[in-house]
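> What follows is a structure written as structure tokens; I'll ask about it next.
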Amino acid sequence: MRSSLYLVVFFAALAVRIVNVVLFPLSPEVLLAEDGILYWNGADALLTHGVSGIDQLARLIESSERAPGYILFLAGIRSIFGDSMTTILIVQSILDSVSCVLIASMGAALRSPFAPRLALVAGLLAAVTPNLIIHAGMILSDSLFLFLFVAMLAAGARFIRGGSAYWGALAGVALGMAILT
């Protein structure tokens, strides 16, 4: 598939997600509902207490049964960009858009004369899937997990087709990171 079609998928997905973030601004109370507050507090513990915050994070994970991947992701974004929830949602929107491109690339990998069209359709359907759009606009681990899991699937497919150790290792690392999320 031509790279221009991947760009179409990426920018279509990103546009939909940014419109969602801009048109439906949510209050912190709504964004931190459900598990969001646990992730936010875990990132807070790391940012506030540094290395000693790891003990607090371990207790939070143990008491809430949450994996640390998304908490580390939030802490990293917050350490670079500050406590802006909008920035986190934009970063998640970018990751989710890349997930749509990876989905399109898996459609393009099918051995079919229709593969380019399948790839475009798969990518654009992923771009407008309501569940993906909604989760990219919330403080939840779903977008990060989806990105890592789809990256594992795409790398695994490349490994199966070519047998390169690079793609096998990349699939393993992506799966490990998804599990940590």
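> Out of the range 107-181, which chymotrypsin sites (Phe, Trp or Tyr not before Pro) are coil in DSSP terms and have no more than 11 other C-beta atoms within 10 Å?
Those that pass, being in a loop and sparsely packed, are F114.
> Work out which trypsin sites (Lys or Arg not before Pro) in the chain are exposed loop sites (DSSP not H, G, I, E or B, at most 12 other Cβ within 10 Å) and give the longest gap free of them.
Numbers: sites that count: R2, R111.
Free of exposed loop sites, the longest segment is 3-110.
> Search the structure for amide H atoms under 5 Å from the amide H of T181, placed 1.01 Å from N in the peptide plane, and list their residues when 5 or more places away or on another chain.
Counting only residues 5 or more places away or on other chains, the set is G69.
> Test of understanding: in a Gaussian network model of the chain with alpha carbons linked when under 10 Å, which of I90, I103, I80 would top the mean-square fluctuation ranking?
Looking only at I90, I103, I80, the largest GNM fluctuation is found for I80.
> Please report the carbon-and-sulfur percent of the accessible area for the chain; probe 1.4 Å, protein heavy atoms only, DNA, RNA and ligands left out.
70
> From the alpha carbon gyration tensor of the range 103-181, can you work out the equivalent ellipsoid semi-axes (sqrt of 5 times each eigenvalue) and give them in Å, largest to smallest?
Each semi-axis is √(5λ); the values are 23, 21, 5 Å.
> Tell me what the chain gives for mean residue ellipticity at 222 nm when only DSSP H runs of n ≥ 4 count, each as -39,500 (n - 2.57), the sum divided by the residue total, rounded to 500 deg cm²/dmol.
Theoretical 222 nm ellipticity from helices: -26000 deg cm²/dmol.
> Pick from D96, D142, D83 the residue whose mean-square fluctuation is largest in a GNM of the chain, springs joining Cα atoms under 10 Å.
Among D96, D142, D83, the largest GNM mean-square fluctuation belongs to D83.
> Test of understanding: in a Gaussian network model of the chain with alpha carbons linked when under 10 Å, which of G168, G123, G42 would top the mean-square fluctuation ranking?
G168
> Something else about it: Under the definition of Cα pairs under 8 Å and six or more residues apart, what whole-number percent is the relative contact order of the chain?
For the chain, the relative contact order is 28 percent.
The values are calculated or read from the model by the stated rules, or taken from the named source; none is laboratory data. Here the structure is a predicted model, which is why all the values come from computation and not from measurement. Please note: Cβ atoms are built from the backbone with ideal geometry, for glycine as well, and neighbour counts cover all protein chains shown. With ligands, DNA and RNA removed, areas are computed over all heavy atoms of the protein, side chains included. Shrake-Rupley method; radii C 1.70, N 1.55, O 1.52, S 1.80 Å.
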